[in-house]
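Asks: Below you'll find the structure I mean.
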Amino acid sequence: MLTKKKKIFMLVGMILLLAATAYLNFALAAKADDADDDLIPTGNFFTQARSEKAQSRSEELAILDAIIATEGAEFEQQRQDAMDQKLRFAQIMEQETAIEHILKSKGYEEVVVTISMTTNKANVIIKLDELTREDSVIIFNTVLEQTDIDPDNVHIIKV
């Protein structure tokens, strides 16, 4: 049986790991925005981005599950917070998938969408030779139809 101090230490550690994972997930997606378009190899980029996103999400969900599984009445609030985060996380994953599928159905070959849990920002990483005004309108409208994210917080990253 874990002592109260060990439980608190373990819970704080899991929360910090969750925050770090979420930050890295968003930072990696934002880094693609800063890179020079000629330097990004598109062949494996989208496969790798999807894989890293799935791995990061699995780790984040595992941490939330561990917090939810923590026993003791003194951790009721942390368990409830973790359940709320997990629900929000599921909603975000559903929105990302919907946006990706809708954009693919509109003819865009490769798309990866990341939505931040903490900053209410979205990155749409999309394979395009040229980002036209029409493309921007289609992408923005799709994101806005599926989320409540402010248009100023939607970033289109052409790869």
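Asks: With labels modelled as points extended 7 Å from the Cα through the Cβ direction, what inter-label distance (nm, one decimal) is found for Asp152 paired with Thr97?
Replies: 3.3
Asks: Net charge near Lys7, counting Lys/Arg +1 and Asp/Glu -1 over other residues with Cβ under 10 Å of its Cβ?
Replies: With Lys, Arg at +1 and Asp, Glu at -1, the net is +1.
Asks: Based only on other Cβ atoms within 10 Å, what is the fewest-to-most ordering of Arg79, Arg50?
Replies: Arg50, Arg79
Asks: Let me ask something else. What's the exposure ranking of Ile102, Ile63, Ile138, going from fewest to most Cβ atoms within 10 Å?
Replies: Ile138, Ile102, Ile63
Asks: Please compute the modelled spin-label separation between Ala90 and Asp129, points set 7 Å along Cα→Cβ, answer in nm with one decimal.
Replies: The modelled label-to-label distance comes out at 4.3 nm.
Asks: Moving on. Residues with amide H under 5 Å of Ile157's amide H, sequence separation 5 or more or different chain, H placed in the peptide plane at 1.01 Å from N; which?
Replies: Val124, Ile125, Ile126
Asks: Could I get the Rg over Rh figure for the stretch 60-159? Both from C-alpha atoms, Rh via Kirkwood, rounded to two places.
Replies: 1.12
Asks: While we're on this one: Which order results if Phe9, Phe89 are arranged by neighbouring Cβ count within 10 Å, fewest first?
Replies: Ascending Cβ contact count within 10 Å gives the list Phe9, Phe89.
Asks: Convert each backbone phi in the stretch 3-10 into a coupling constant with the Karplus relation 6.51 cos²θ - 1.76 cosθ + 1.60 (shift: θ = phi - 60°), then list the ³J(HN,Hα) values in order as whole Hz, x for Gly and Pro.
Replies: The phi angles translate into 6, 4, 5, 5, 5, 5, 4, 5 Hz.
Computed from the coordinates by the stated procedures, all read-outs in this text should not be read as laboratory data. Quick caveat: nothing in here was measured; it's all calculated off a predicted structure. Positions of Cβ are backbone-derived with ideal geometry, glycine not excepted, and every protein chain shown enters the neighbour counts.
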